[in-house]
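Colleague: Following this message is one structure expressed as structure tokens.
The values are calculated or read from the model by the stated rules, or taken from the named source; none is laboratory data. If you're wondering where the values come from, they're calculated on a predicted model, not measured in any experiment. No Cβ is skipped: glycine too gets one built from the backbone with ideal geometry, and neighbour counts run over all protein chains shown. Heads up: the accessible areas ignore ligands, DNA and RNA and are worked out on the full protein's heavy atoms, side chains in. Shrake-Rupley method; radii C 1.70, N 1.55, O 1.52, S 1.80 Å.
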Amino acid sequence: MKFLVTGAAGFIGYYVCQRLCDAGHEVIGLDNLNDYYDVNLKHARLKQLQALESFRFAEMDLADREGMAKLFKDESFNRVIHLAAQAGVRYSLENPFAYVDSNLVGMMTILEGCRQNQVEHLVYASSSSVYGMNTKMPFATSDAVDHPVSLYAATKKSNELMAHSYSHLYNIPTTGLRFFTVYGPWGRPDMAPYLFTKSILDDKPIKVFNHGKMKRDFTFVEDIVEGVIRIQDVVPSRDDSRLMDSPASSKAPYRIYNIGNNEPIELMSFIQAIENAAGKEAIKEYLPMQPGDVPATYADVSDLQQAVGFKPSTSIQDGMDQFVDWFKEFYRY
């Protein structure tokens, strides 16, 4: 099959492209290579992908309506895995229009491409941030998600609503995946694992928000990607008899799943895992909660497990050992 993977030079997109190519599929990887974080890391991922025979790269911005329409028409994709987005909760406080262009206009060009070219399944990245002010744990896809606490979260919730409207109107099968705090080798420089590891190795203090009283459902990247690869083969279908008793399903060919480790980790335990992997103790600077952040995330992944027979299982120490080993090698520590 022929796949379009957006965000191909990004963290999760890089792994998804590799897995699809390894399975014998043809992959067009799209990315605009923006400078939200170190472009050298994106180019390094892309260099690995361009060595694969069945991978081709398209440098393009999702908001380029004409360019995206032409790409879809020329390539006739069977399936689309849409992972590109302007990421980051805190950056959405500084540059909100970047989120509108990438996450809203970008989702629109993807949906229109799928509609005009009979794509058989669109899988797209949502986020655990949509749970916002929810306090019931674990977060379940049957929960209402009407109180986002960041613009980033609001755009991801909007993506789910946009997908539903296209699934309903045009019978396009769509599956949204709410990722929970992904980490691992080749990870993003703006995220805690990278920031903490670099500071510990450089003997600089790390910023511990909410005085360490936070929990995250840290999920190893290969577990996330396994879920993505499996779920793209589970194509939703229209079912007019289905009960409309959950925001995560519909009579339309539309589904939402959580992908998380199903085992939230205290922030201080997470830091301990990095210290163990690095062989050094962190210098800690305790700070209050950041605007737009939430104290805890915890994924109910029972729907995903039922759908594909899989749930993430990599332990935090195993995952951090792999990340720190990669970090030291890549940055020559």
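Colleague: Quick check on region 183-333: what are the equivalent-ellipsoid semi-axes from the Cα gyration tensor, as sqrt(5λ), descending, whole Å?
Modeller: Values for region 183-333, descending: 35, 18, 12 Å.
Colleague: Solvent-accessible area per residue for region 191-333 at a 1.4 Å probe radius, Å²?
Modeller: For region 191-333, the per-residue accessible area is 47 Å².
Colleague: While we're here: Taking just the C-alpha trace of region 164-220, give me its Rg and Dmax in Å.
Modeller: Every Cα atom of region 164-220 included, Rg and Dmax give 17.8, 56 Å.
Colleague: What net charge is computed for the residues neighbouring K157, neighbours being all others with C-beta under 14 Å from the C-beta of K157, Lys and Arg scored +1, Asp and Glu -1?
Modeller: So the surrounding residues net to -1.
Colleague: Using +1 at the C-beta of Lys and Arg and -1 at the C-beta of Asp and Glu, which of I316, G24, F139 has the Cα lying farthest in the positive direction of the dipole of the chain?
Modeller: The residue sitting most towards the positive pole is F139.
Colleague: Taking the Cα atoms only, what angle lies between the long axis of helix 151-170 and the longest principal axis of the chain, rounded to 10 degrees?
Modeller: 20
Colleague: Charges only on Cβ, +1 for Lys and Arg, -1 for Asp and Glu: so what's the dipole of region 90-160 about the Cα centre, in debye to the nearest 20?
Modeller: 140
Colleague: Would you mind classifying region 1-71 by shape? Square roots of the alpha carbon gyration tensor eigenvalues, ordered a ≥ b ≥ c; an a/c under 1.5 is rounded, otherwise it is prolate if a/b is larger than b/c and oblate if not.
Modeller: Because a/c hits 1.5 or more and a/b fails to exceed b/c, region 1-71 counts as oblate.
Colleague: Post the alpha-carbon centroid distance, region 73-92 to region 278-333, in whole angstrom.
Modeller: 23
Colleague: Below 12 angstrom from the Cβ of M133, what's the summed charge of the other residues (Lys, Arg +1; Asp, Glu -1)? Spell out each step's value before the answer.
Modeller: On the way: positive: K136; negative: D143, D146, D293.
With Lys, Arg at +1 and Asp, Glu at -1, the neighbours total -2.
Colleague: A further question on this structure: Which net charge results when you count Lys and Arg as +1 and Asp and Glu as -1 among the other residues whose beta-carbon is under 14 Å from that of R115?
Modeller: My count for the surroundings of R115 gives 0.
Colleague: Ignoring ligands, DNA and RNA, what percent of the accessible area of the chain is carbon or sulfur (1.4 Å)?
Modeller: On the way: 7090 of 14380 Å².
For the chain, the apolar C and S fraction of the accessible surface comes to 49 percent.
Colleague: Would you compute, from DSSP H runs of 4+ residues alone, the mean residue ellipticity of the chain at 222 nm, taking -39500 (n - 2.57) per run and dividing by the full residue count, rounded to the nearest 500?
Modeller: Per the formula, -11500 deg cm²/dmol.
Colleague: Here's another thing I want to ask about it. Non-local amide H neighbours of A58 (under 5 Å, H modeled in plane, Pro and chain starts lacking H): which ones?
Modeller: So A58 has HN proximity to G29, L30, D31.
Colleague: Could you pull out the chymotrypsin sites (Phe, Trp or Tyr not before Pro) across region 1-83 that fall in loop regions by DSSP (anything but H, G, I, E, B) with no more than 13 other Cβ atoms inside 10 Å?
Modeller: none
Colleague: Still on this structure, I have one more. Please report, in debye to the nearest 20, how large the charge dipole of the chain is about its Cα centre when each Lys and Arg carries +1 at its beta carbon and each Asp and Glu carries -1 there.
Modeller: The dipole of the chain has a size of about 260 debye.
Colleague: Are there any trypsin sites (Lys or Arg not before Pro) in region 70-111 that are in a DSSP loop and have at most 13 other Cβ atoms within 10 Å? List them by number.
Modeller: R90
Colleague: Based only on Cα atoms, what mean projected area does the convex hull of region 58-126 have, in nm²?
Modeller: 4.6
Colleague: Right, another one. Sort out the exposed loop GluC sites (Glu not before Pro) in the chain (DSSP loop, at most 14 other Cβ within 10 Å) and tell me the longest stretch that has none.
Modeller: 121-280
Colleague: Given 10 °C and 1.306 mPa s, how large is the Stokes-Einstein diffusion coefficient of region 126-237 in µm²/s, with Rh as the Kirkwood radius over Cα pairs?
Modeller: This corresponds to a translational diffusion coefficient of 97 µm²/s.
Colleague: Give me the number: length gained by fully extending D293 to N171, i.e. 0.36 nm times residue separation minus the C-alpha to C-alpha distance, one decimal in nm.
Modeller: Extending this stretch completely gives an extra 40.3 nm.
Colleague: Right, here's the next one. For region 15-119, what relative contact order do you get, as a whole percent, if you take Cα pairs closer than 8 Å and at least 6 residues apart?
Modeller: Value for region 15-119: 28 percent.
Colleague: Also, I was wondering about something else. If I take R0 = 22 Å and measure r between the Cβ atoms of D143 and R242 in this structure, what FRET efficiency does the formula 1/(1 + (r/R0)^6) give, to the nearest 0.05? Don't skip to the end; give the middle numbers.
Modeller: On the way: r = 19 Å, r/R0 = 0.84.
With R0 = 22 Å, the Cβ-Cβ based efficiency is 0.75.
Colleague: What is the set of long-range amide H partners of F179 at a cut-off below 5 Å, with H atoms built 1.01 Å from backbone N?
Modeller: Residues meeting the amide H criterion: S126, S127, S128, I259.
Colleague: If you place +1 on the Cβ of every Lys and Arg and -1 on the Cβ of every Asp and Glu, how big does the dipole about the Cα centre of region 8-165 come out, in debye to the nearest 20?
Modeller: Magnitude of the dipole: close to 300 debye.
Colleague: State which entries of K156/K280; K157/K251; K42/K136; K2/K136; K156/K213 exceed 31 angstrom in Cα-Cα distance in the structure shown.
Modeller: Among K156/K280; K157/K251; K42/K136; K2/K136; K156/K213, the Cα-Cα distance tops 31 Å for K156/K280; K42/K136; K2/K136.
Colleague: Amide H to amide H, which residues 5 or more places from I265 or on other chains are under 5 Å from it, using H placed in the peptide plane?
Modeller: Here R216, D217, F218 satisfy the definition.
Colleague: Using label points projected 7 Å from each Cα along Cα→Cβ, tell me how many nm separate M268 and R115, to one decimal.
Modeller: Going from the M268 label point to the R115 one covers 5.2 nm.
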